[in-house]
Amino acid sequence: MTDKIPILKMGNYLLLSIQVDMHDQLALDLQEDLTEQIVRHNAKGVLIDISALEIVDSFIGRMLSHIANVSRILDARVIVVGMQPAVAITLVELGLSLEGIATALNVEKGMRWLERNVDAGMLAEADDDEDRDAATEAGD
């Protein structure tokens with residue numbers, strides 16, 4: 001049986017905590033599962049807790065970046081929390097900037113970031129929809 005990382009839904013967000021050593025196939029499966037869950041639940045934010053990861057290689061770093069890019073295309077913001085100092089140093093040494101991925105020290109700060117950034121974006125979209133509706137009505 002293969003390992004599977006559980007993805008939990010919490011409101012408009014998906015939460016996942018990587019508690020096992022990541023290997024290439026697990027990272028690929030996670031990417032596929034996460035994209036399916038984003039679409040299924042119309043998730044607007046994803047929090048990835050990597051506090052249990054002690055080692056990240058270039059493949060796993062690229063997969064995190066790829067997950068963030070795919071999530072963004074699917075209209076979900078991503079934040080990675082709990083990065084160990086050794087992991088951060090390794091990513092820098094490998095030249096991986098994880099562009100497009102927000103980071104926070106822990107889950108609590110990550111949730112606050114999602115609430116500020118995702119909820120603010122949803123409010124802005126609602127305001128844009130109201131403005132379009134008002135403009136359409138004015139044109140009638």
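Considering only residues that are part of a strand (DSSP E or B) and charged (D, E, K, R), look in the range 1-58 and name the one that is nearest to ALA102 (Cα to Cα).
Filtering the range 1-58 for residues part of a strand (DSSP E or B) gives 7-10, 13-17, 45-49.
Applying the additional criterion that residues be charged (D, E, K, R) yields 9, 49.
Numbers: LYS9: 19, ASP49: 12 Å.
If we take residues in the range 1-58 being part of a strand (DSSP E or B) and charged (D, E, K, R), then ASP49 is nearest to ALA102 (Cα to Cα).
When ALA126, ALA120, ALA134 are checked against the criterion of being at pLDDT below 90, surrounded by fewer than 17 Cβ atoms within 10 Å (Cβ to Cβ) and within 16 Å of TYR13 (Cβ to Cβ), ALA120 stands alone in meeting it.
Apart from one condition, ALA86 fits all of (1) under 26 Å from ASP119 (Cβ atoms); (2) part of a helix (DSSP H, G or I); (3) of a type in the set (Gly, Ala, Ser); the exception is (1). Of the numbered criteria (1) closer than 16 Å to GLY82 by Cβ; (2) touching a helix residue (DSSP H, G or I) at 6+ places or on another chain (Cβ under 7 Å); (3) surrounded by 14 or more Cβ atoms within 10 Å (Cβ to Cβ), the one LEU15 fails is (2). When residues in the range 36-56 are screened for being modelled with pLDDT under 95 and polar (S, T, N, Q), 1 of them pass.
Is it the case, given these coordinates, that GLY110 is surrounded by 16 or more Cβ atoms within 10 Å (Cβ to Cβ), touching an Asp or Glu at 6+ places or on another chain (Cβ under 9 Å) and part of a helix (DSSP H, G or I)? Steps first, please.
Working: surrounded by 16 or more Cβ atoms within 10 Å (Cβ to Cβ): yes; touching an Asp or Glu at 6+ places or on another chain (Cβ under 9 Å): yes; part of a helix (DSSP H, G or I): yes.
It is true that GLY110 is surrounded by 16 or more Cβ atoms within 10 Å (Cβ to Cβ), touching an Asp or Glu at 6+ places or on another chain (Cβ under 9 Å) and part of a helix (DSSP H, G or I).
The conditions of being more than 17 Å from LEU8 (Cα to Cα), modelled with pLDDT under 90 and not charged (D, E, K, R) are not met by ALA104.
Restricting attention to the range 20-52, the residues that are in contact with a Gly (Cβ under 8 Å, 6 or more places away or on another chain) and buried (at least 21 other Cβ atoms within 10 Å of the Cβ) total 3. Does ALA43 meet the test of being at negative phi and more than 13 Å from the chain's Cα centre (by Cα)? Considered against the rule, which asks whether it is at negative phi and more than 13 Å from the chain's Cα centre (by Cα), ALA43 comes out as no.
Within the range 59-83, being surrounded by fewer than 18 Cβ atoms within 10 Å (Cβ to Cβ) and in a loop (DSSP other than H, G, I, E, B) holds for LEU74, ASP75.
The values are calculated or read from the model by the stated rules, or taken from the named source; none is laboratory data. Everything numeric here is computed off the predicted structure, so don't read it as measured data. Note that we place each Cβ from the backbone using ideal geometry, even for glycine, and neighbour counts take in every protein chain shown.
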